[in-house]
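First comes the structure, then the notes that go with it.
The values are calculated or read from the model by the stated rules, or taken from the named source; none is laboratory data. Please read these numbers as outputs of a predicted model, since none were measured by experiment. Neighbour counts are summed over all protein chains in view; Cβ atoms, including those assigned to glycine, are modelled from backbone coordinates with ideal geometry.
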Amino acid sequence: MTTDQKKQELDKIADEIRNFKDLDIAKNATHAVPGEGNPDAQIMFIGEAPGQVEDSTGRPFVGQSGQLMRKTLFETTGIKPEEVFITNIVKFRPPDNRDPVDNEITACADWLDRQIKIISPKIIVTLGRFSMAKFIPGVTISQIHGISRYYQLSTMNYQLIIFPMYHPAAALRGTTMMNAFKEDFIKLKNLLAPQVKIEDNASNHDQLGLF
């Protein structure tokens, strides 16, 4: 798929999301937040759900925590936010910024899977426990943040890399979490280097090279 074809397909998904009204959070949203970024991105960031600023603008990760994520990405890796693709597992703001619930995650799942298939990133960075659980269920984020592993979606014919991180909102709550957040971005930068070893999702003991 060419870049233009990818952009057209992502725009179609965005239109579907904006026209969707089968959830209360969709009916009550000021703006849907489909996601934004480079259709050819090697890295895709997936958060949990839009917050108040995102709801008011229709853009992902532009509030205080989002600005921290974007700033830390550039300062630690040299990658500009527009070079990656940024989205959430839920495309509409839950009331009072509550956690997304199962039916909301399920309703938005096909859009996210299609976005991933179109973009075909090498690395998916999950931000927070809800996006992490989509790919790595049954664990806590404190156990596995900053540890990369291979993963294969049923709709794709290659293995991509899942890199779980704390949500930037958690990093704003204290020095310890902020340090862990920044350290994981440094690990992400190192992951982009050749010959880095990655955990195989099929076995916690086997190690595979990235490229």
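Summary of values
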item	result
Every residue from the stretch 11-53 that is assigned to a helix (DSSP H, G or I) and touching a Pro at 6+ places or on another chain (Cβ under 6 Å)	14, 17, 25
Conditions (1) crowded, with 21+ Cβ neighbours inside 10 Å; (2) in contact (Cβ under 8 Å) with a residue 40 or more places away in the chain; (3) aliphatic (A, V, I, L, M); (4) not in a strand (DSSP E or B): number failed by residue 132	(2)
Those residues of the stretch 145-160 which are more than 13 Å from residue 123 (Cα to Cα), surrounded by fewer than 18 Cβ atoms within 10 Å (Cβ to Cβ) and not hydroxyl-bearing (Ser, Thr, Tyr), in sequence order	156, 157
Flag for residue 76 being in a helix (DSSP H, G or I), farther than 19 Å from residue 13 by Cα and among the β-branched types (Val, Ile, Thr)	yes
Residue under evaluation residue 101, criteria (1) under 15 Å from the mean Cα position of the chain (by Cα); (2) at pLDDT 95 or above, criterion not met	(1)
Filter result for residue 86 (of a type in the set (A, V, I, L, M), in contact with an Asp or Glu (Cβ under 7 Å, 6 or more places away or on another chain) and not in a loop (DSSP other than H, G, I, E, B))	yes
Restricting the stretch 14-50 to residues that are among the acidic types (Asp, Glu) and crowded, with 17+ Cβ neighbours inside 10 Å, the residue that is farthest from the chain's Cα centre (by Cα)	36
Pairs with Cβ under 7 Å, 6+ apart, first in the stretch 43-61 and closer than 20 Å to residue 105 by Cβ, second outside any loop (DSSP other than H, G, I, E, B) and of a type in the set (Phe, Trp, Tyr)	44/85; 48/130
Residue within the stretch 130-137 that is more than 18 Å from residue 42 (Cβ to Cβ), charged (D, E, K, R) and in contact with a strand residue (DSSP E or B) (Cβ under 8 Å, 6 or more places away or on another chain) present	yes
Among (1) over 16 Å from the mean Cα position of the chain (by Cα); (2) at pLDDT 95 or above; (3) assigned to a loop (DSSP other than H, G, I, E, B), the one test that residue 195 misses	(2)
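Here's the yes/no breakdown for (1) surrounded by fewer than 22 Cβ atoms within 10 Å (Cβ to Cβ); (2) within 18 Å of residue 33 (Cβ to Cβ); (3) aromatic (Phe, Trp, Tyr):
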position: 69; (1), (2), (3): no, yes, no
position: 75; (1), (2), (3): yes, no, no
position: 81; (1), (2), (3): yes, yes, no
position: 102; (1), (2), (3): yes, no, no
position: 107; (1), (2), (3): yes, yes, no
position: 114; (1), (2), (3): yes, yes, no
position: 120; (1), (2), (3): yes, no, no
position: 125; (1), (2), (3): no, yes, no
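Every residue, every condition in (1) modelled with pLDDT under 95; (2) more than 21 Å from residue 54 (Cβ to Cβ); (3) outside any helix (DSSP H, G or I), yes or no:
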{"residue": "90", "(1), (2), (3)": "no, no, yes"}
{"residue": "108", "(1), (2), (3)": "no, no, no"}
{"residue": "111", "(1), (2), (3)": "no, no, no"}
{"residue": "143", "(1), (2), (3)": "yes, yes, no"}
{"residue": "153", "(1), (2), (3)": "yes, yes, yes"}
{"residue": "158", "(1), (2), (3)": "yes, yes, yes"}
{"residue": "163", "(1), (2), (3)": "no, yes, yes"}
{"residue": "182", "(1), (2), (3)": "no, yes, no"}
